[in-house]
1. Based on DSSP, what percent of beta bridges with both residues in segment 147-232 are antiparallel, to the nearest 5?
2. What is the calculated FRET efficiency for Asp122 to Ala25, with r their C-beta to C-beta distance and R₀ = 35 Å, to the nearest 0.05?
3. Could you work out [θ]222 nm for the chain from helices alone, using -39500 (n - 2.57) per DSSP H run of at least four and dividing by all its residues? Round to the nearest 500 deg cm²/dmol.
4. What shape does segment 89-136 take by its C-alpha gyration tensor, where a ≥ b ≥ c are the square roots of the eigenvalues and a/c under 1.5 counts as rounded, a/b above b/c as prolate, and the rest as oblate?
5. Would you mind finding the longest exposed-site-free stretch of the chain, with exposed chymotrypsin sites (Phe, Trp or Tyr not before Pro) meaning DSSP loop and at most 14 other Cβ atoms within 10 Å?
6. Out of all DSSP beta bridges in the chain, what portion is antiparallel? Express it as a percent rounded to 5.
7. Distance between the C-alpha centers of segment 396-413 and segment 170-236? Whole Å please.
8. Taking a virtual spin label 7 Å from the Cα of Glu281 along the C-beta vector, which residues in segment 148-176 bring their backbone nitrogen under 16 Å of it?
Amino acid sequence: MPVVPPRFRWKTRVLGVGVGVLVIAGSLSYLVWRQSAPGVRVSITPPPRFIGRATPFTMTLEAARGNIIRADVRIVQGGAAAVVLKQSTTGARRLEVPLTVQGAALGLTEGGAMLEVWATDDYWRPWRRDPRAAASMPVTIDLTPPSIDVLAATQYLYQGGGGLVVFRVTGGDSAEVRAGALTYQSFPAGKSGTRLALVALPRDFALGTPVTVTASDEAGNTASRGIPAEIRPRRFRSDTIRLSDSFLQIKVAELLPQHPPSQPLIDGFLLINRDQRLHAEEEKRRVARTTADHALWAGPFLQPRNTKVFSNFAETRAYVYQGKVVDHQVHLGYDLASVKQSPVPAANRGVVTFTGPLTIYGNTVIIDHGLGLQSLYGHLSSIEVKPGDAVEKGQELGRTGSTGLAMGDHLHFEVLIGGVSVTPVEWWDAKWIHDHIGRPLEQAGLPELGGAEARPATNPAPTSARPGRSRRADRQR
């Protein structure tokens, strides 16, 4: 057996020790790396500063390593912890948890507290960490809802009509008026939290449905007060529109160019009359959100000179094709007829918020008059203004035409509150504006909107007529 020289034995021992040191150092480094892996990251949107009777927020948890297996949310106040959430999971790298904290139900008292989120992942670490919150933030417990005082309101609200509410909110960050499922913005008016809101009732507003003012604060506390107004019904006319093949050929090609030639024209018309009409209503509500926080109009609205009303507001129409009723829709405005391509004046002062094609309305202009009040001009053959333009009462916006779902040349005119169409005749009438908008303001000690011109004065009554069927068929929308 060969003898290993001492020199080589020494080198082997040194190499063995070095390998051992490397193994130990590598193992320790690996264990330290595992131990130093970050835990669960937490973000809360929006970060709550207050916790109230119902404070909503969304908690997002994301594990840096492994998966989340447990999440707890607590509110610590006065040394006691109220548990908001205890959630175990089967394992997910990321969790998004919507929460609504019910401060009063948790037994919290008003004052300071800490919101804590505790989270555990399943990532193995060699040493157990000391338990600590993954996130914590100071919050203020606020369980007092805003107070609402209704100062004045339009006494009678009609289906298809508008009105005004003036109220004062204390301790609230936002306030709106609700009429059934519809909500209307409110705007500052004067001092001490006084606000006002224009309100519209749709033509089919259910009698007995409450109209309320609702206010909320940052903590999620809410309060509501009913409006002392009587809801009155209105009767609306009905009419029959007879569809011809020539009308369908023109309008389907204009408004639905992608309609297959092999498909019946009436199918394309129904798609326009239903889906595109619905899209137009949604667009009107969207445009309504762009409104000035103060009144831009001055006095009663203007009906174009030498025009007659040939189709009425909220008229229910039965569409007949080849002797059969194929559809029912509601006409939400006035059709005003004059001479072909006659000038279209702005009904009042305001700012242009929309121009361009609007499905069944064709080429359209919408003017914002402030506080959610807007006017719409449809079926135009040409448009002379652009969004952002300030316009004066009577300024030409364009020319009448037959674009959209109209055959004969005319103007489709609407008045809208919060994107909801109301009868224009109210806003053509200076006395109505004074009695239903100005009077509540006077009762609340506020100046009348629109200045002195809004008071009753010489204002020609709107001209209307019921035309014969042959003329009516040329002005359908």
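1. On the way: 30 of 33 bridges.
Beta bridges within segment 147-232, antiparallel portion: roughly 90 percent.
2. On the way: r = 28 Å, r/R0 = 0.79.
After rounding to 0.05, the efficiency reads 0.80.
3. Numbers: 8 runs with 79 residues, N = 477.
Only helices count here, giving -5000 deg cm²/dmol.
4. On the way: a/c = 3.60, a/b = 1.75, b/c = 2.05.
Oblate shape, in that a/c is at least 1.5 and b/c is the bigger or equal ratio.
5. On the way: sites that count: Trp124, Trp127.
The segment 128-477 is the longest one with no such site.
6. Numbers: 109 of 121 bridges.
So the antiparallel bridges amount to about 90 percent of the total.
7. For segment 396-413 versus segment 170-236, the Cα centre distance is 35 Å.
8. Backbone N within reach: 160-161.
Every number in this text was worked out from the coordinates using simple rules, so none of it is lab data. All of these numbers come straight from a predicted model, not from anything done at the bench. All Cβ positions, even for glycine, are placed from backbone atoms using ideal geometry, and neighbour counts span all protein chains on display.
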